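Below you'll find the structure, written out as structure tokens, and then a few comments.
The values are calculated or read from the model by the stated rules, or taken from the named source; none is laboratory data. This is a predicted model, so every value here is computed, not measured. Ideal geometry is used to build each Cβ from the backbone, glycine not excepted, and the neighbour counts take in all protein chains shown.
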Amino acid sequence: MTERFDAIIVGTGQAAKPLAGALAKAGKRTAAIESKHVGGTCVNEGCTPTKTMVASGRVAYLARRGPDYGVNTGPISIDLAKVRQRKREIVESFRSGNIKRLTGENMELIYGLAEFTGPKTLHVDLRDGGSRILEADWIFLNTGLRAAVPNILGLSDIPFLNNESIMELDAAPEHLLVLGGGYIGLEFGQMFRRFGSRVTIVHKGHQLLDHEDRDVAEEIRKILNEDGIEVLLESDAYAAGASGGLPQLVVRTGSESRTITGSHLLVATGRVPNTEALNPAAAGVETDEHGYIKVNDYLETTVPGIYTLGDVKGGPAFTHISYDDYRILEANLLHDERRSIRDRVVPYTVFIDPQLGRIGLTEIEARNSGHNIRIAKMPMTSVARAIETAETRGFLKLVVDRNTEQILGAAVLGIEGGEIASIIQIAMQGKLPYTALRDGVFAHPTLAESLNNVFFYWTDVS
């Protein structure tokens with residue numbers, strides 16, 4: 001028997017909870033379907049657990065630096081099982097909170113795997129057995145991404161870790177091989193280096209973080225090298241194997257090949273959409289060649305009444321973007337507005353240490369877009385607060401339109417870089433000229449004060 005709802009949300013990532021609440025409050029009978037853990041990637045395998053463990057790594061880093069501050073702490077040891085337990089407890093707390101907010105009047109949380117059988121009909125294989133058939137006029141797809149597995153000879157024959165399983169280790173690897181130099185690879189690489197592992201990062205590209213400016217990527221490479229991490233760029237891992245139970249990568253750098261052996265292997269080469277089991281084609285919902293669901297600027301799929309939120313529609317894959325997707329749909333469907341994702345400003349932070357806070361265009365993007373730009377770039381060694389806290393690695397870099405004096409983008413690689421980038425974002429959203437930051441009165445000595453001084457560090461002389 002087919003059960004009728006007003007709205008169905010497939011996947012309980014960060015857009016699902018507030019969307020379900022808004023729909024239910026508006027009197028819409030709403031079902032939220034979850035195949036694994038409520039809360040999606042962010043709560044269970046992404047932001048919450050990783051940043052919890054990153055915090056433990058930073059404490060270890062600062063403890064080892066105690067003598068730099070005149071504080072002698074003695075030998076440092078890592079109880080990774082306790083780090084893991086702290087992570088699990090925080091994840092469970094966040095997950096439980098999400099579950100509570102998905103249950104109530106006009107809301108039903110269903111555990112199972114959903115598959116389209118028609119344009120507005122879903123068959124759900126229930127986790128505890130049995131099945132249900134649901135239909136609704138409004139269906140919201142929020143199924144997220146999972147770790148990609150590259151097509152490397154022999155990789156499927158050896159054990160390897162991904163972003164989820166590596167957080168369940170109870171002891172730090174002796175030598176962690178990290179395949180991939182993106183956000184995930186760098187965060188875990190530095191984290192486990194701080195937990196005591198030897199770390200080697202193997203990256204196919206000519207720089208880390210392929211989409212960042214070259215100078216930003218190179219500064220990050222230097223920081224990781226300073227931390228004792230080996231970084232191999234332009235290195236193609238074309239085969240994998242094992243020796244004595246230990247994982248190996250066969251890596252080609254230029255014309256030379258070599259075999260690298262580690263105790264553990266983390267595969268961090270990107271993510272792919274969770275759409276196969278959903279069978280969107282049965283509903284007439286189109287996907288691209290990679291499996292991402294196609295949407296227009298209003299998050300509408302190719303089928304009226306079916307919408308997509310979060311990572312499964314294709315980048316940018318950030319929790320705050322998923323949440324904004326919810327706000328757009330709530331405004332449009334429940335308040336008769338016409339908001340869109342067009343020209344949406346996308347901030348993000350890479351939680352290495354020091355952080356990389358990013359907003360707007362990179363220098364390369366600005367030049368390619370035809371802007372007449374100036375670059376302001378100041379080392380953190382010139383920031384009073386950074387000097388006082390002995391956290392002087394990195395720099396601030398802002399891209400300014402020469403004609404309008406508007407800030408087009410920024411990269412803040414430094415202590416609390418994400419927070420500084422947020423201040424710049426507010427200025428950008430308010431259409432303030434860069435002079436508003438240059439001439440603003442910020443408390444001394446704060447990191448925000450760096451925004452007074454960075455504009456005296458133009459890279460050109462005109």
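Worth pointing out:
- Residues that are in contact (Cβ under 8 Å) with a residue 12 or more places away in the chain, of a type in the set (Phe, Trp, Tyr) and part of a strand (DSSP E or B) are absent from segment 283-301 altogether.
- Pairs with Cβ under 7 Å, 6+ apart, first in segment 416-432 and assigned by TED's automatic domain parsing to the domain that holds residue 383 and under 13 Å from residue 395 (Cα atoms), second in a helix (DSSP H, G or I) and of a type outside the set (A, V, I, L, M, F, W, C): 420/450
- So residue 212, is it in contact with a Ser or Thr (Cβ under 7 Å, 6 or more places away or on another chain), among the charged types (D, E, K, R) and farther than 19 Å from residue 149 by Cα: yes
- When segment 298-329 is filtered for residues that are buried (at least 20 other Cβ atoms within 10 Å of the Cβ) and more than 20 Å from the chain's Cα centre (by Cα), the ones remaining, listed by number, are 299, 301, 306, 307, 328, 329.
- Filtering segment 93-129 to residues that are closer than 16 Å to residue 2 by Cβ and without any contact (Cβ under 8 Å) to a residue 24 or more places away in the chain leaves 123, 125, 126.
- Residue within segment 406-427 that is more than 28 Å from residue 61 (Cβ to Cβ) and of a type in the set (D, E, K, R) present: no
- Selection from segment 189-213 of residues that are part of a strand (DSSP E or B) and either over 19 Å from residue 79 (Cα atoms) or touching a Gly at 6+ places or on another chain (Cβ under 7 Å) (or both): 199, 200, 201, 202
- Considered as a group, the residues in segment 131-164 that are among the hydroxyl-bearing types (Ser, Thr, Tyr) and in contact with an Asp or Glu (Cβ under 9 Å, 6 or more places away or on another chain) include one that is nearest to residue 43 (Cα to Cα), and that residue is 143.
- In segment 214-247, the qualifying residues are those that are polar (S, T, N, Q) and in a strand (DSSP E or B), and the one that is farthest from residue 268 (Cα to Cα) is 243.
- One residue alone among 51, 100, 82 is part of a helix (DSSP H, G or I), assigned by TED's automatic domain parsing to the domain that holds residue 320 and surrounded by 13 or more Cβ atoms within 10 Å (Cβ to Cβ), and that residue is 51.
- Subset tally (residues that are over 30 Å from residue 250 (Cα atoms) and either of a type in the set (D, E, K, R) or surrounded by fewer than 18 Cβ atoms within 10 Å (Cβ to Cβ) (or both)) for segment 114-157: 17
- The residues in segment 302-339 that are outside any loop (DSSP other than H, G, I, E, B) and at positive phi can be counted, and the count is 1.
- No other residue among 435, 404, 392 is among the hydroxyl-bearing types (Ser, Thr, Tyr), farther than 23 Å from residue 362 by Cβ and either in contact with a helix residue (DSSP H, G or I) (Cβ under 8 Å, 6 or more places away or on another chain) or not assigned by TED's automatic domain parsing to the domain that holds residue 216 (or both) apart from 392.
- Looking across segment 261-273 at every residue that is farther than 16 Å from residue 185 by Cα and touching an Asp or Glu at 6+ places or on another chain (Cβ under 9 Å), the one that is surrounded by the most Cβ atoms within 10 Å (Cβ to Cβ) is identified as 273.
- Residue in segment 340-356 that is part of a helix (DSSP H, G or I) and of a type in the set (Ser, Thr, Tyr) present: no
- Pairs where the first residue, in segment 35-49, is within 20 Å of residue 187 (Cα to Cα) and the second is assigned to a helix (DSSP H, G or I) and of a type in the set (S, T, N, Q), C-beta under 6 Å, 6+ apart: 42/319; 47/319
- Selected residue [modelled with pLDDT of 95 or more, on the phi < 0 side of the Ramachandran plot, assigned to a strand (DSSP E or B) and among the aliphatic types (A, V, I, L, M)] from 177, 186: 177
- Number of residues in segment 55-79 that are assigned to a helix (DSSP H, G or I) and β-branched (Val, Ile, Thr): the value is 1.
- Considering only residues in segment 364-378 that are farther than 15 Å from residue 405 by Cα and touching a residue at least 24 places away in the same chain (Cβ under 8 Å), the one that is surrounded by the fewest Cβ atoms within 10 Å (Cβ to Cβ) turns out to be 364.
- Put simply, of 215, 210 the only residue that is modelled with pLDDT of 95 or more and either crowded, with 21+ Cβ neighbours inside 10 Å or closer than 23 Å to residue 250 by Cα (or both) is 210.
- Residue list for segment 238-260, restricted to those being among the aliphatic types (A, V, I, L, M), under 25 Å from residue 190 (Cβ atoms) and in contact (Cβ under 8 Å) with a residue 40 or more places away in the chain: 240, 249, 251, 260
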